[in-house]
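Have a look at the structure below before the remarks.
The values are calculated or read from the model by the stated rules, or taken from the named source; none is laboratory data. Predicted, not measured: the structure shown is a model, and the values here were computed from it. Here Cβ is always computed from backbone atoms with ideal geometry, including for glycine, and neighbour counts include all displayed protein chains.
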Amino acid sequence: MALRTMGSQFAELLGSKRITLLRGEARLKQRWREVVGPMVAARTRPLELELLADGSCCLWVAVDHPYMAQQLRLMRDALRRACLQQCGIRRIAKIRSRVDPNVAGCVPPIQEKARRAVGWRECRAAVAEMRAVRDRGLRHRMIHARLRQIENGFAEENHAGQ
């Protein structure tokens, strides 16, 4: 029994057209920025290539806003040419879009503000401010909250106006 390549085994299972389509889809996802440009790539993501009955394919793209879907429709001929040149994908019959900001990568990541280090004197001052609170657990939580205010720069803004 001769050893067969992994590609030939997959081709038997999925079919050679589907294998070719999957390879093209992988290249498209890797080179999406070069295919559509950096501004469109920042607001869109290719989802999949769907094999149609006539042998052509449908490109599904996630967009963050309906305006980007319209932009893709307007640039469909250039997009088809770029897919052929960059990824070797032939016969894209349809380009469909789905509005999904989370998939399109357009939801900005939450970034924490830079915190500054709290000094020993500021810690002692926070403890002194909360000394009158009798409940120990509440006092500790209030001290920690005060220290977070100092770290985030909120305390200085409030005390500057007084």
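Worth pointing out:
- Remark: pairs (first residue in segment 137-155, outside any helix (DSSP H, G or I); second residue modelled with pLDDT of 90 or more and hydrophobic (A, V, I, L, M, F, W, C); Cβ separation under 8 Å; 6+ apart in sequence or on different chains) are absent.
- Residues in segment 81-99 that are in contact with a Leu (Cβ under 9 Å, 6 or more places away or on another chain) and either of a type in the set (V, I, T) or part of a helix (DSSP H, G or I) (or both): C83, Q86, C87, I89, I92, I95.
- Residues located in segment 28-76, provided they are basic (K, R) and closer than 17 Å to A93 by Cβ: R73, R76
- Segment 20-79, subset of a type in the set (K, R) and not in a helix (DSSP H, G or I), residue nearest to P101 (Cα to Cα): R43
- Pairs where the first residue, in segment 16-30, is of a type outside the set (V, I, T) and the second is part of a helix (DSSP H, G or I), C-beta under 7 Å, 6+ apart: G24/C87; R27/C87; L28/V35; L28/C83; L28/C87
- Residue match in segment 63-70 (condition: touching a Pro at 6+ places or on another chain (Cβ under 7 Å) and surrounded by 18 or more Cβ atoms within 10 Å (Cβ to Cβ)): yes
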